[in-house]
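J.: First the structure, then my questions, so here it is.
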Amino acid sequence: MGKALYFDDPVFGTVIQVYMFVIGSIIGSFLNVCIHRIPLRQSIVSPRSRCPKCEAKIQWYYNIPIFSYFWLRGKCANCGEQISPVYPFVELLTAVLFLLLYVYFGISALFFIYAYFACSVIILMFVDYYHRLLPAVITFPSIVIGFATSFVNPYIGPRDSGLGILVGAGVLTIVYFFFKWVRKKEGLGDGDIVMLAMVGAFLGWQNVLLVLFFSSLLGSLVGFIFIFFLKKGADFMYPYGTFIGAAALPAMFWGEIIWNNFIA
């Protein structure tokens, strides 16, 4: 694999970073389309973006990532329906991740590998949050892509990727059957198992363990808030895939550092 391409000139380097941020925000806008349409089994290509209430087509100048939301004060330009702040958040999150990916990996194979991974995780996080669903159309192909790209990934080779898939799927499968045996009902969905296997394919078995730990910790904290402060029942269905994603995205950058300094 060739070396990552960086730019030594500080001015040109800043321009490239701004470019990566803008490209990330544009891709984030597309991810919003995927988050909305994939659970509904609609095409992510056509028709053009439109208001979900009045179905008016959104003109390009009202569809500028991040900026248009604040320009329109969070409302549809045609009917005045409130626009969810999740839309600009997804665009901003994707933009920041693309910038970080460039800072960490430059223009390299790793940049494109983990840009794909990050986009897949973002879709899964928000689809699971809204629908309690982790679409197989995202998770299963991503496992294959994660393992295939491990052959050109200097950080995660095929051995670690394969072990990551097995550990990711294996640990949650054990938890799934143990919970079902003790509580006589399902505590996890099979989509959670496949998503963690996907994480293992891209990040390796060590990061799977980190993601499992931090996602469980985050889920427990959120669960505590929901049960004791928002008065949700103990049987409330939590979007565990959202917590997996929230732990997996930082693990792309800092998982190895945490593992080497605090565990290994």
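The values are calculated or read from the model by the stated rules, or taken from the named source; none is laboratory data. This is a predicted model, so every value here is computed, not measured. Positions of Cβ are generated from backbone atoms using ideal geometry, with glycine treated the same way; all protein chains shown enter the neighbour counts. Each accessible area value is taken on the protein alone, full model and side chains, heavy atoms only, with ligands, DNA and RNA left out. Shrake-Rupley method; radii C 1.70, N 1.55, O 1.52, S 1.80 Å.
J.: Starting from residues that are among the hydroxyl-bearing types (Ser, Thr, Tyr) and either touching a His at 6+ places or on another chain (Cβ under 6 Å) or surrounded by 14 or more Cβ atoms within 10 Å (Cβ to Cβ) (or both), keep the ones in the stretch 51-70 and report whichever is nearest to ILE23 (Cα to Cα).
T.: Here the residue is SER68.
J.: Yes or no: LEU124 surrounded by fewer than 18 Cβ atoms within 10 Å (Cβ to Cβ) and in contact with a helix residue (DSSP H, G or I) (Cβ under 6 Å, 6 or more places away or on another chain)?
T.: So LEU124 fails the test.
J.: Then there's this: Could you list all residues from the stretch 135-152 that are in contact (Cβ under 8 Å) with a residue 60 or more places away in the chain and open to solvent by less than 20 Å² (accessible area, probe 1.4 Å)?
T.: PRO135, SER142
J.: Please specify each residue of the stretch 74-102 satisfying the condition of being closer than 13 Å to LEU249 by Cβ and surrounded by 21 or more Cβ atoms within 10 Å (Cβ to Cβ).
T.: VAL90, THR94, LEU97, PHE98, LEU101
J.: When you go through (1) open to solvent by 20 Å² or more (accessible area, probe 1.4 Å); (2) hydrophobic (A, V, I, L, M, F, W, C); (3) under 17 Å from VAL208 (Cα atoms) one by one for TRP181, which number turns out not to apply?
T.: Among (1) open to solvent by 20 Å² or more (accessible area, probe 1.4 Å); (2) hydrophobic (A, V, I, L, M, F, W, C); (3) under 17 Å from VAL208 (Cα atoms), TRP181 violates only (3).
J.: Filter the stretch 103-121 down to the residues that are over 13 Å from the mean Cα position of the chain (by Cα) and aliphatic (A, V, I, L, M), then identify the one that is surrounded by the fewest Cβ atoms within 10 Å (Cβ to Cβ).
T.: Among those residues, the one meeting the criterion is VAL103.
J.: Can you name the helices (runs of 4 or more DSSP H) wholly within the stretch 32-144 that have at least 2 residues being out of contact with any Lys or Arg (no Cβ under 9 Å at 6 or more places or on another chain), of a type outside the set (Gly, Ala, Ser) and within 24 Å of MET198 (Cα to Cα)?
T.: Hits in the stretch 32-144: 86-105, 109-131.
J.: Are there any pairs with C-beta distances below 6 angstrom linking a residue in the stretch 66-81 that is more than 21 Å from LEU93 (Cβ to Cβ) to a residue that is assigned to a loop (DSSP other than H, G, I, E, B) and open to solvent by 40 Å² or more (accessible area, probe 1.4 Å), with the two at least 6 apart or on different chains, and if so which?
T.: Note: pairs meeting the criteria are ASN78/CYS54; CYS79/LYS53; CYS79/CYS54; GLU81/LYS53.
J.: Give me a count of the residues in the stretch 205-228 that are hydrophobic (A, V, I, L, M, F, W, C) and either touching a strand residue (DSSP E or B) at 6+ places or on another chain (Cβ under 9 Å) or in contact (Cβ under 8 Å) with a residue 40 or more places away in the chain (or both).
T.: Residues in the stretch 205-228 being hydrophobic (A, V, I, L, M, F, W, C) and either touching a strand residue (DSSP E or B) at 6+ places or on another chain (Cβ under 9 Å) or in contact (Cβ under 8 Å) with a residue 40 or more places away in the chain (or both): 6 in total.
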